Amino acid sequence: MSFSWRRVRAILRKELRDYRRNRFVIGTMAAVPVLFIILPTIQLIAANATNKALTLRIGLSLLYMLVIPVTMPSVVCAYAVVGEREQGTLEPVLSTPVRREEFLIAKALAAFVPTLVIAYAVFGIFLAIAALFAHPVIVSAIFMGSHVLVQFLFTPLLAGWAIWVGIAVSTRSTDVRVAQQLSVLGSLPPLVIVALMSLNVISESTALAIGLAAALLAFDLLAWRVVAAMFDRERLVIGGRG
Amino acid sequence: MEVRPPLVDPEATARSGSAEPTTVTEQVKVPVGPGPDGSRPDAALAVEHLTKRFGDRVAFDDVSFKVGYGEVFGFLGPNGAGKTTTVRTLGTLIAPSSGSASVAGIPLSAKNGSAIRSRISMMPESPGLYVRLTVTENLQCFAGLYDLDDVPGRIGRALRAVNLEDRARDLCGSLSKGLRQRVALARALLNDPAVLFLDEPTSGLDPVATREVHELISSLREQGVTIFLTTHRLEEAERLCDRVAILNTTLRLIGRPDELRQQLFRRSLDVRLRAPLGDPGDVLGAVPEIERWEQTPSGYALIVPDPDLAAPAVARALVRAGADVLSIAESHHSLEDVYLELVNEDVEAKAR
């Protein structure tokens with residue numbers, strides 16, 4: 001049997017319906033962006049153009065934006081497998097013709113799509129607020145090509161990494177809370193590189209941004225292969241006894 | 001039942017304790033219907049020497065049986081006997097350690113997993129529903145996973161089959177356990193499975209809900225669905241199943257419930273008297289139709305080759321001896337007796 005996008009859509013649709021009625025997921029999806037837009041916005045509006053630490057402030061503000069695609073999917077994806085197991089739905093799902101690739105891609109898309117929408121929306125709101133209320137010098141610094149490029153490139157790539165880490169942890173966990181804590185921790189390392197760029201510790205350039213993005217893309221693809229290999233129907237059903 | 005152990009056919013129990021399961025399939029015509037291609041007659045399930053080990057622990061060992069299309073096959077056994085693991089193995093969720101099988105006419109192998117799963121349905125003990133989704137949304141999800149056409153029509157038919165049309169828009173989390181079980185059954189019917197695996201379908205249900213599930217299984221049997229029913233409820237197996245198998249890591253017994261009873265227990269008469277006989281040896285020993293007898297709390301248990309022939313002779317002998325006869329009836333052993341006999345035997349064997 002070949003790969004079926006219909007089966008992917010079935011899980012994706014189910015996940016999105018489930019999110020809509022899950023207070024925890026709605027809470028996470030609402031609270032994280034609100035938290036990460038208030039602080040940087042206040043910081044920028046309060047800053048003046050002569051502030052010596054202006055570059056650092058802008059870097060820090062933009063870094064907040066990138067915490068969204070890291071934390072949000074890792075929290076949601078940590079639930080992907082262990083959550084299904086806890087509510088007893090994993091075995092019925094695995095008893096259908098669904099292939100592991102279909103299951104994993106559906107679970108990943110269910111976290112990826114809302115994350116991307118929310119992260120870009122928050123960044124857009126941040127840019128709009130900055131353009132309207134911040135000092136023109138700050139605005140031009142924020143709208144500098146590489147800043148925007150870093151946001152657009154790294155948002156999906158960091159989300160991808162966080163998603164695969166979250167699902168990997170979820171396939172091996174027996175407890176949702178532990179899975180969430182571990183997956184948030186595991187999703188942070190790539191953020192360090194981006195942080196070093198945003199804070200100008202590593203000299204920021206378009207070439208460097210693209211190079212690091214390519215490396216992160218390679219890690220994402222590798223992570224997908226690793227997670228697919230870890231997804232063992234038998235072990236998931238018997239709960240690790242095998 | 002106090003008289004049960006002495007009445008057990010020692011030859012039958014000896015056979016059942018051997019490595020080979022006692023089987024009456026040779027005497028029973030396995031119902032055979034159309035195969036997966038619509039024409040080829042074949043068994044819905046054919047299992048040959050299937051074994052599953054988890055490290056050193058043996059879940060089930062050297063299990064062989066066949067189930068015909070349209071048959072309701074009961075799979076019994078104590079906790080930890082390997083029933084659920086067998087079902088999961090046949091459902092391609094677990095890989096067997098050795099042996100072979102074909103499920104719905106497709107050889108059991110890793111590469112055929114998806115194809116087999118598309119032709120079967122499995123209903124685990126726990127309904128496993130998405131509680132924040134409605135009944136219809138749950139079924140839509142699974143219809144998508146089976147890649148089915150005419151989804152609304154199939155959902156409507158499945159809900160009608162379990163009598164749940166009026167609850168289609170309810171959140172599954174708001175349903176009682178019995179209703180959830182029915183939703184799970186509707187889900188299992190969505191893909192018109194060639195083989196339907198039901199693992200303890202009435203576990204935790206009240207008597208009314210249990211009866212509804214039984215009625216549904218009976219109606220599915222009438223529609224020709226092959227059902228592999230795992231249960232602890234022996235009266236359920238006796239009532240619903242064409243044949244049963246008793247598993248206790250190895251397959252101990254397989255056959256029709258009445259044949260299992262006959263095979264494991266000698267035919268006997270239960271005699272109830274107002275007062276015990278003064279010298280039962282003289283009275284009962286003089287009746288040639290009685291092979292063996294023993295006293296029970298309410299009278300006597302008589303092992304006889306033919307109860308119809310022996311009963312009148314016994315009655316005459318008792319009346320001659322001046323006994324007040326309350327009743328003479330053939331002993332009836334339930335499937336539970338058969339089951340307990342085998343399980344007790346295994347416990348004793350382990351203790352030795």
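Miscellaneous remarks
- Neighbour-count order for A:W5, A:W164, fewest beta carbons within 10 angstrom listed first: A:W5, A:W164
- Legend: mean number of C-beta atoms from other chains within 10 angstrom of residue C-beta atoms, peptide B:122-132, equals 6.
- Shielding by partners for peptide A:232-239, expressed as the average number of C-beta atoms from other protein chains within 10 Å of each residue's C-beta, is 4.
- Overall form of region B:162-239 per C-alpha gyration tensor (a/c, 1.5; a/b vs b/c): oblate
- Relative to the longest principal axis of the Cα atoms of chain A, the long axis of helix A:145-172 makes an angle of roughly 30 degrees.
- DSSP beta bridge pairing in region B:23-262, given as percent antiparallel to the nearest 5: 55
- Neighbours of A:F3 by Cβ distance under 14 Å: Lys/Arg scored +1, Asp/Glu scored -1, total +2.
- This ranking places A:M72, A:M144 by how few other beta-carbon atoms lie within 10 Å of each, fewest first, which gives A:M144, A:M72.
- Shape call, region B:55-184: gyration tensor on alpha carbons, a/c limit 1.5: prolate
- Kirkwood Rh and Cα Rg combined as Rg/Rh, region A:5-238: 1.02
- For region A:21-87, the Cα gyration tensor yields ellipsoid semi-axes of 34, 12, 5 Å (square root of five times each eigenvalue, largest first, whole Å).
- For B:I290, distant residues with modelled amide H under 5 Å away: none
- Cut-off under 5 Å, modelled amide H: who pairs with B:M123 long-range: B:F197, B:L198, B:D199
- Counting every C-alpha pair in region B:23-262, the share spaced more than 23 angstrom apart comes to 48%.
- Exposure proxy order (Cβ contacts within 10 Å, fewest to most) of A:E102, B:E345: B:E345, A:E102
- Sequence-separation-based contact order of region B:100-214, relative, with Cα cut under 8 Å and 6+ spacing, percent: 38
- For the protein assembly as shown, the mean residue ellipticity at 222 nm estimated from helices alone is -17500 deg cm²/dmol, where every DSSP H run of n ≥ 4 contributes -39500 (n - 2.57) and the total is divided by all residues, rounded to the nearest 500.
- 0 to 90° range, to nearest 10: angle between helix A:176-187 axis and chain A longest Cα axis: 50
- Among the trypsin sites (Lys or Arg not before Pro) found in region B:154-207, those both in a DSSP coil and sparsely packed, with 15 or fewer other Cβ atoms within 10 Å of their Cβ, are B:R169.
- Bridge type composition, the protein assembly as shown - antiparallel percent by DSSP, nearest 5: 65
- Percent of beta bridges antiparallel (DSSP, region B:100-227, rounded to nearest 5): 35
- Shielding score for A:76-89, defined as the mean number of other chain Cβ atoms within 10 Å: 2
- Solvent-free Debye scattering, log10 I(q)/I(0), computed from the Cα coordinates of region B:55-125 at q = 0.15, 0.19 Å⁻¹: -0.51, -0.85
- For the protein assembly as shown, the spread of Cα coordinates along the three principal axes comes to 125, 50, 48 Å, biggest extent given first.
- Among residues other than A:P73 with Cβ under 13 Å from its Cβ, the summed charge is -1 (Lys and Arg +1, Asp and Glu -1).
- C-alpha long axis of helix A:54-77 to longest principal axis of chain A, angle in °: 10
- For region A:7-99, trypsin sites (Lys or Arg not before Pro) are listed when DSSP marks them as loop and at most 12 other Cβ atoms sit within 10 Å of their Cβ; the list is A:K52.
All of the numbers you see were taken from the coordinates with simple rules; none came from a lab. Please read these numbers as outputs of a predicted model, since none were measured by experiment. Backbone-built Cβ (ideal geometry, glycine too); neighbour counts: all protein chains shown.
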